[in-house]
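Report on the following structure.
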């Protein structure tokens, strides 16, 4: 028996007040906000915390490049 069949069977056995309560809970589950997946952060989380310098995309100097080659 599938989950849907079991749920329908169980609902038939409940009184109307309890059926309404189950429906209310099911709708809550459908629309609630899901937490972010682990490892993902919301876009713009650090907005305003720092500024990117104007020379950010400029090529690195030979000395700076050398630090990556050690």
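None of the figures in this text is laboratory data; all of them are computed from the coordinates on show. Everything numeric here is computed off the predicted structure, so don't read it as measured data. Note that each Cβ is placed from the backbone with ideal geometry, even for glycine, and that neighbours are counted across all protein chains shown.
Observations on the model:
- Remark: spin-label model distance residue 62-residue 49 equals 3.8 nm, labels positioned 7 Å along the Cα→Cβ axis.
- Acute angle (nearest 10 degrees) that the helix 3-13 long axis makes with the longest principal axis of the chain, alpha-carbon atoms: 40 degrees
- For the chain, the calculated P(r) over all alpha carbon pairs, in 10 Å bins from 0 to the bin holding the longest distance, is 13, 20, 17, 14, 10, 10, 12, 4 percent.
- Spin-label model, residue 2/residue 32: points 7 Å from Cα along the beta carbon direction are separated by 2.4 nm.
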